[in-house]
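Written out below as structure tokens is the structure these notes cover.
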Amino acid sequence: MIGKINKLNFKSLLILNTFALLITSYFFNNYLLIGVFTLFFFISLLTTKNGLEIIRKLNLLQNIRTEGPANHYMKSDTPTMGGIFMIVPFLIFLTLITINLGSLKLFLTLLTIFGFFITGFLDDYISIKNKENKGLKTKEKFILQSIISIIFISLAYEKNLINPLITVSDSWGIDMNIFILPISFLVLVGISNSVNLTDGLDGLAAGCSGIVFYGLGTEILMKEQQELFVFSILCYSMSGICLGFLKFNSYPAKIFMGDTGSLSIGAILGSIALLTDSIFTLSIFSGIFIIESLSVIIQVGFFKITKKLFHRGKRIFLMAPLHHHFELKGVKEQKIVENFWKINILLIILGIVLKINL
């Protein structure tokens, strides 16, 4: 086991995640957890494998942006929009649960994820149709995300489904009052775009997402609130889906998830965190996504400021997001992804330890 963890790849990550879930199932005396993960892992394997052939026949192939690293040109014409085969099974599962339980929380979650799914789908489709790595304009994408997020947050806040107290531990939290509204918007839109920015190397976003969903599902279980149990189940199902997809998305990737997948994954994480009062913990678990996003913000901001001051823009990183900086430094793609996965695992451990001890 130790040898496998030292060199983290798809198989060892799957073993590690499954082992962690077995321990979690044993600790909480509920083997439905590992069952849901396993079921959706195999569903994801089957849908992605069969979907890969459909995408090839439909000629839905990736266009590589010209300003990216030169070695990425070999990835041109790789099947994309694989997020369809990740998110559709999840949406079907969520719809069945929502109908069965009649929960407003689940209904709002369903509508929000579907909205982000359609936004990502449109972005990918337009990009493929135009035969260049440009789909929806940045403003158009942001407006769609904003409309969906505002509807979700407004309805959830009105029905007291979002707690204005950001819980840090069982003993204390931070009362944000009305400021929970912009914070909720930042969480939902921010994490969605952060996952999207992270999806730039084979297996990076899918692997990190699988890890984060396990962490979030476990943190929700630790709250010991029966009404939140279903959200833990949803997290474990998505963890299985992400790792099933990773089988075909790890280096060298046979398929990309596209915005269809990455925007939806971020929306699932954000909406569940808001409705289960897990904002603080998610901010730790999603450290990789946040750092990747911050690297872009810092790079763009520093460039604009220096251009205004010195009439020539300067850069902090060789390229943003951060994973491209390491690529241009000569680090192999597989090694970058492996190290980011390892950091993400440590962040999950940190978040759970803090939850127990604070």
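For this structure, a couple of remarks:
- Near pairs, Cβ below 9 angstrom, 6+ apart or cross-chain, from region 290-309 (in contact (Cβ under 8 Å) with a residue 24 or more places away in the chain) to any residue that is aliphatic (A, V, I, L, M) and outside any helix (DSSP H, G or I): Glu292/Ala320; Ser295/Ile316; Ser295/Ala320; Val296/Ala320
- Test: residue in region 122-130 that is at pLDDT below 90, under 20 Å from Met257 (Cβ atoms) and surrounded by fewer than 19 Cβ atoms within 10 Å (Cβ to Cβ): yes
- Residue in region 203-219 that is crowded, with 19+ Cβ neighbours inside 10 Å and assigned to a loop (DSSP other than H, G, I, E, B) present: yes
- Region 292-319 - residue that is of a type in the set (Gly, Ala, Ser) and surrounded by fewer than 16 Cβ atoms within 10 Å (Cβ to Cβ) and, of those, farthest from Asn193 (Cα to Cα): Gly313
- Test: residue in region 325-332 that is surrounded by 13 or more Cβ atoms within 10 Å (Cβ to Cβ), of a type in the set (Val, Ile, Thr) and closer than 30 Å to Ser278 by Cα: no
- The single condition among (1) touching a Gly at 6+ places or on another chain (Cβ under 6 Å); (2) buried (at least 24 other Cβ atoms within 10 Å of the Cβ); (3) at negative phi; (4) not β-branched (Val, Ile, Thr) that Ser278 does not satisfy is (1).
- Some residue of region 328-340 being free of Cβ contacts under 8 Å to residues at least 40 places away in the same chain, within 27 Å of Leu16 (Cβ to Cβ) and not in a helix (DSSP H, G or I): yes
- Residue check for Asp277: acidic (Asp, Glu), outside any helix (DSSP H, G or I) and touching a residue at least 12 places away in the same chain (Cβ under 8 Å): yes
- Single residue of Leu282, Leu294, Leu309 found to be at pLDDT below 95 and either under 27 Å from Lys355 (Cβ atoms) or in a helix (DSSP H, G or I) (or both): Leu309
- Meets criteria (in contact with a helix residue (DSSP H, G or I) (Cβ under 6 Å, 6 or more places away or on another chain) and closer than 30 Å to Val353 by Cβ) for Thr167: no
- Single residue of region 135-156 satisfying the filter (in a loop (DSSP other than H, G, I, E, B) and crowded, with 16+ Cβ neighbours inside 10 Å) that is modelled with the lowest pLDDT: Gly135
To keep it simple, each residue is scored yes or no on (1) closer than 18 Å to Leu347 by Cβ; (2) within 14 Å of the chain's Cα centre (by Cα).
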| site | (1), (2) |
| --- | --- |
| Ser184 | no, no |
| Asp202 | no, no |
| Gly210 | yes, yes |
| Lys247 | no, no |
| Leu263 | no, yes |
| Thr276 | no, no |
| Phe285 | yes, yes |
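- Subset of region 248-275 that is in contact with a Phe, Trp or Tyr (Cβ under 6 Å, 6 or more places away or on another chain) and of a type outside the set (S, T, N, Q) - its residue that is surrounded by the most Cβ atoms within 10 Å (Cβ to Cβ): Leu263
The values are calculated or read from the model by the stated rules, or taken from the named source; none is laboratory data. Nothing here was measured: the structure is a model prediction, and the numbers come from that model. All Cβ positions, glycine included, derive from the backbone under ideal geometry; neighbour counts span all protein chains shown.
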